[in-house]
Amino acid sequence: MKPEILAPAGTWEALDAAVKAGANAIYVGGSQFSARAYAGNFDQEELLKAIDYCHLFGVKLYMAVNTLLKPEEISGLASYIEPFYKAGVDGIIVQDAGVIQVLRENYPDLPLHGSTQMSVSSEYGAAFLKNMGFTRVVPARELSLPEIKTIKEKVNIEIETFVHGAMCYAYSGKCLFSSFKGGRSGNRGRCAQPCRKCYEIYTEQKSSKKTGEAMDDLSEYIMSLKDMCTLGILPQLIDAGIDSFKIEGRMKNPSYVAATTDAYVKARDYWLKLKAEENTSADDARRMEKYNRFVEPLIKNMMDIYNRGGFYTGYYFTEKGPEMTEPKRPNHAGLRIGKVEKVAPPHVSIKLTEAVTASDVLEIRDDKINSTGKDGKTVELTTNVNGMPGQTIILNGKEFKRIRPGQSVYRTRNNQLITEIETTILKPEKQLEAECFIEAKKNQPLKIKIVAADGIVVTETFGSIVEVAQKAPTEAEQLRQKMNKTGGTNVKLESVQLDLDDDIFVQMSEFNNLRRESLNQFKQALVDGYRR
């Protein structure tokens, strides 16, 4: 079975981006009880609309209720969930045992997903949740792939794992640092991310000559982890039988959501295509070679979109310790595209290792850490030319005292990539494919039947009695052209077939009204199939 690509959404725009990028499922937070309290999140009206919008395109929507609740909050949980349950929400992500009890009692058929914060780390924990009625478990993030595979083999339950995005320094997100430092509990969805701050490191070797006390040796982001990216190892995750690949990022913008979702959909589909075409074990090495060539540009795109000092593959194969952290900066590091070749005010010459386009934002920086913990000397420039790998581009510079030959140059905004995402994913209308059948028989009601691409959903809408033409009869092509005017409805008619008597008359204004009604009924039928 094809693994699910599960995308994040903290706003309506991000949800729309995920749907358009091909996500199979999306996870969101409501106005209460979400572990991302500072994401945009969705109020009741928005979330109900989101559920219907996802279901319109066959996309599942999971709702995070994954914080720890206080007694006075749990009393209102059942009524809070009720409208989403009735609308057909596809699953609730939970951590709190009290939440589990309330949902099981009130909505026994509502799928529950065990959050990674439940720290399930063996087949015994997964079996325990399954016996409680859970349909899916997100194991502790620290498990290796063999451990995850063992759970999948021994317990018949869906397995969801993180494959991309920010990682928490603490064990499966069970952190009290933010609570202690600033009174904002990560377990209540209000993490201030103190692990992304710069800290002073003291050693006993260095001491003040005056006081003998330990001196500031270095300031670093010692707890800031690099982001995860598993595009390079996705075939192993697929072959291990993982059911859902989860992208972190409910606080990320729509471009990020679209780009990451699109990349993982393409990588998954390409690997499955290779396996279908070359299905013998002797082809494994050749398959991986082809796959690696395919994902190389996708990984570079992900570096351009957002990374914290590079990527790592999480705990799937080994714990990498210090290699998992990025002590130089806690935010977007960009993609290295070259180095400073020459400084000749008012110009800076840059030797390229990657292609750049006009309007890209570049940052010139030292690769070493200075005493502030930040990149030694950084200067931001915007390109006004295009350049290919191996070429040298000359840009207008500034702050020349901070630039010297040999410094690395990174791109922190790939303008062409952002424009491509907007043009190919974000702006086009997402469309439903369907077929239409129009029947116009004398002395019978005009009928429009719409059939979904999978043939499961069929709607029939009837108009008034078809009359005999007194003057010019209505032609089939007239009705076909009118029926194909579906702009703004999200419906694309792959074909319009007609069964018409000769010499009939159909009032065009009435037909237009019937067309709109039939399309609305078709969309409503798709959504109603999910309601409880």
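Here are some notes:
- Candidate aspartates and glutamates - alpha carbon under 16 Å from residue 401, same-chain residues fewer than 8 apart omitted: 341, 363, 366, 375, 380
- In the context of the full set of protein chains, residues of segment 52-165 present 37 Å² of accessible surface per residue (probe radius 1.4 Å, heavy atoms only).
- Taking 7 Å steps out from each Cα toward its Cβ at residue 521 and residue 341 produces label points 6.8 nm apart.
- Helices in the chain, meaning DSSP H runs of at least 4 residues, each add -39500 (n - 2.57). Divided by all residues, the mean residue ellipticity at 222 nm is -9500 deg cm²/dmol.
- Hits among aspartates and glutamates - C-alpha to C-alpha of residue 49 under 18 Å, sequence gap 8 or more where chains match: 13, 16, 82, 90, 429, 528
- Length, then width, then depth: along the principal axes, the Cα atoms of segment 429-525 run 42, 22, 19 Å.
- Taking 7 Å steps out from each Cα toward its Cβ at residue 147 and residue 470 produces label points 8.2 nm apart.
- In this structure, the residue pairs whose Cα-Cα separation is over 27 Å, taken from 441/485; 290/430; 60/300, are 290/430; 60/300.
- Residue 456 versus residue 154: modelled label distance in nm, points set 7 Å from Cα along the beta carbon direction: 3.4 nm
- For the chain, the longest site-free run once GluC sites (Glu not before Pro) in DSSP loop states with at most 16 other Cβ atoms within 10 Å are removed: 1-141
- Charge context of residue 110, other residues only, Cβ under 9 angstrom, K/R +1, D/E -1: +1
- Summing Lys and Arg as +1 and Asp and Glu as -1 over all other residues whose Cβ lies under 12 Å from the Cβ of residue 125 gives a net charge of 0.
- Charged neighbours of residue 135, selected by a Cβ distance under 13 Å, balance to -2 (K, R count +1; D, E count -1).
- Given [x] 28.1, 110; [y] 26.4, 89; [z] 22.9, 79, the label whose value is Rg and Dmax of the Cα atoms in Å derived from this model: [x]
- Proximal lysines relative to residue 149, as straight alpha-carbon distance under 20 Å, when same-chain residues fewer than 8 apart are discounted: 2, 130, 246, 275
The values are calculated or read from the model by the stated rules, or taken from the named source; none is laboratory data. Keep in mind that this is a model prediction, so the values were computed, not measured. Here Cβ is always computed from backbone atoms with ideal geometry, including for glycine, and neighbour counts include all displayed protein chains. Areas reflect the complete protein model, heavy atoms only, side chains present, ligands, DNA and RNA absent. Shrake-Rupley method; radii C 1.70, N 1.55, O 1.52, S 1.80 Å.
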